[in-house]
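Everything on this sheet refers to the single structure shown next.
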Amino acid sequence: MSKKINRLNPAIIRLFVVAIAAILFIPFLGGEHLFDWDEINFAESAREMIVTGDYLTVQINFQPFWEKPPLFIWMQVLSMKLFGINEFAARFPNAICGIVTLLVLFNIGRKIRNNLFGLLWVLAYAGSVLPFFYFKSGIIDPWFNLFIFLGVYFLMLYAFPENKQKIQNIILAATFAGLAILTKGPVGFLLIALTGGVFLLWVKFKVKVRVMDVIAYFVVLALVGGSWFIIQILAGNFDTVVEFIVYQVRLFQTQDAGHGGFFGYHFVVLFFGVFPSSILALKAFGKEPSDESFYPFMKKWMVILFWVVLILFSIVKTKIVHYSSLAYFPLTFLAAGFVYRAFQNQFKWSKWMSVIIIAISVLVALPVMLLPFVDKFKYKIIESNLINDAFAVENLKAEANWTGFEFLPGLLFLIAIILIFTRIKKTEPLKRAVFLWGTTMIFTLSVILVLVPRIEKYSQNALIEFFKSKAGQDVYLKNIHFKSYATYFYGETQPPSNPNFYDENWLLAGDIDRDVHFVTKIHRAPLMEKYDDIEETGRKNGFVFYIRKAKK
């Protein structure tokens, strides 16, 4: 089979990868509301660009938003111009990123070895939980990670002794590093620089580097990565650039937005989130006897990239799941490397690998199987006082329209895993791995389509439906005592004509010129009781709604 795959025309395989990726990533992108905070945050910035016609400045609530550069927002703007301002348009750029990423992995994989290795890398990436999930999302990281990975890859090609296209590789490396900066900021270049620096230390600086190549790299990096910052400065927005840099520094020094965690947070995220590739990759971290030249060189860079990402974001005090998502590339590369070697009888599929994969499969499948039954007995759970959080209790009361069959993805996944390890011998590692990745891919897609929309009903649906009901009305909308971007995107807010709108005290007690609709969480409701002219209009699933009427 491997010989047939390697004899296939690469163009045919590319078309196949594009077709399958499009089927997996594009349909049902608008199946549920965007999630607070990140998805709605970026989509709202794109919406505000369209509303204001200002495509240079990233805004939130029609005020400069200096946390992110504009490249991904521009992608969403283009998508919204094509499909309208909605969930599908906000997520569509990442579906395209999924197609592009899998094509990139195949092309690089076949250059490293052959068609088979390229396809194994594609399967390892698409067949792992979080890497697949992110291509169905509207967050910034898939494109950011792809640009960084390509920046590292072309830097690696430049350093590869047998590669003669030095100037081409250094320009491409700088271009993708610059695009990473335009997507999420200087941390993109930091990750590339750290990876390159660690490689230089590893090889004791025994790399031929020409001065003109270094100059070319930084000129291109400045032109691409610094273009938006330069334009901002020329437009008189120097303060925006300063605030942006200050935020990036603060991100590394503080626990931002309440997202804290323990030092090993990202070890756990990658171990479970990149399942099953994270387990398959474990054996490939060590030294391998090889008569190849390119693969060991690439592997060295991938191992360095993995540890740079893991250690850096373990040090950073802010802990968010997608911060370590760049490590998906090296992890899936190593997983593909293990399976390829095992297929050639140079690695063995150990019993402990099977035990860990089965154990994690049970841990993943059980919550999926039990969720519908939790909803069935939710009022007994509430009456037992097991949950002490008033907001969580009210969330649980939401009606999610369960059919009773939502346990099937978990059950079928578990059955498939058992069949894989009982019907496919460990002496057939390629077949076992392909079925394992395929099963995980289908399971992840099923969870996204079947369970995520219902989970969303508990977490934020009541809030979003409230704001949607006020969209287009000549009123002020305000979430108070908690953070949300749903207010703006789903309330379809417009630039306020009265600057007092940004003064919370004015909205609460000032001489307002139009009605104000407030939303808070149930445990914060007592804070609203001191305002005599603010009237409660309703409660739903943990959110409390109020109105303060303007005096005509």
Completion exercise
Expected unfolding gain across Phe238-Leu78 under the 0.36 nm per residue rule, minus the alpha-carbon gap, is 54.9 nm
Handout entry: the range 15-90-the range 140-184 distance, computed between alpha-carbon centres (Å)
Key = 25 Å
Practice task
Could you pull the accessible area for Met441 with a 1.4 Å probe, rounded to 10 Å²?
Solution key: 30 Å²
Problem - Relative contact order (percent, whole number), the chain, Cα cutoff 8 Å, 6+ residue spacing - result: 15 percent
Problem - Whole-percent carbon and sulfur share, accessible surface of the chain, 1.4 Å - result: 65 percent
Completion exercise
One finds, for Ile358 and Lys530 with R0 = 60 angstrom and r their Cβ-Cβ distance, a FRET efficiency to the nearest 0.05 of 0.60
Practice task
Please give the FRET efficiency for Ser293 paired with Val51, using the beta carbon to beta carbon distance and R0 = 45 Å, rounded to the nearest 0.05.
Solution key: 0.25
Handout entry: Residues of the range 165-179 with amide N under 19 Å of the 7 Å Cα→Cβ point at Ile245
Key = 178-179
Problem - Added length on full extension, which subtracts the Cα-Cα distance from 0.36 nm per residue, Ile5 to Thr427 - result: 149.9 nm
Completion exercise
With all protein chains in place and a 1.4 Å probe, His517 shows an accessible area in Å² (nearest 10) of 20 Å²
Problem - Angle between the chain longest axis and helix 211-225 axis [Cα atoms, degrees, rounded to 10] - result: 30 degrees
Handout entry: Estimated inter-spin distance, Ile12 and Lys348, nm [label 7 Å along Cα→Cβ]
Key = 3.7 nm
Exercise for the section: For Ser497, tell me the accessible area in Å² from a 1.4 Å probe, rounded to the nearest 10. Expected result: 90 Å²
Fill in the blank from the handout: Rounded to the nearest 0.05, FRET efficiency between Ile442 and Glu162 (Cβ-Cβ, R0 51 Å) equals 0.80
Problem - Residue-normalised accessible area of the range 411-552, expressed per residue, 1.4 Å probe, Å² - result: 49 Å²
Handout entry: Among 502-511, 285-294, 395-404, the order from most to least packed when residues are scored by Cβ within 10 Å on average
Key = 395-404, 502-511, 285-294
Handout entry: Local electrostatic count, Thr240, Cβ distance below 14 Å [Lys/Arg +1, Asp/Glu -1]
Key = -3
Completion exercise
With every protein chain kept in place and a 1.4 Å probe, the residues Asp533, Asp239 fall, from largest accessible area down, as Asp239, Asp533
Practice task
Please work out how much length the chain gains when fully extended from Trp307 to Phe405, using 0.36 nm per residue of separation minus the C-alpha to C-alpha distance, in nm with one decimal.
Solution key: 31.1 nm
Exercise for the section: Please go through the residue pairs Lys111/Lys208; Lys397/Lys478; Lys397/Lys468; Lys81/Lys111; Lys208/Lys317; Lys81/Lys397 and name each one whose alpha carbons sit more than 26 Å apart in this structure. Expected result: Lys81/Lys111; Lys208/Lys317; Lys81/Lys397
Exercise for the section: Grab the other residues whose beta carbon is less than 15 angstrom from that of Val519, score K and R as +1, D and E as -1, and report the net. Expected result: +2
Problem - Sorted peptide list for 231-237, 264-270, criterion being average Cβ within 10 angstrom, highest first - result: 264-270, 231-237
Fill in the blank from the handout: the range 151-165 scanned against label point 7 Å out from Phe205 along Cα→C-beta; backbone N under 12 Å for none
Problem - Packing-based order for 192-204, 123-135, using average beta carbon neighbours within 10 Å, highest first - result: 123-135, 192-204
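The values are calculated or read from the model by the stated rules, or taken from the named source; none is laboratory data. Note that this is a predicted model, so its numbers are computed, not measured. Every residue, glycine as well, gets a Cβ built from its backbone with ideal geometry; the counts of neighbours run over all protein chains shown. Just so you know, the surface numbers come from the protein's heavy atoms only, side chains and all, with ligands and any DNA or RNA stripped out. Shrake-Rupley method; radii C 1.70, N 1.55, O 1.52, S 1.80 Å.
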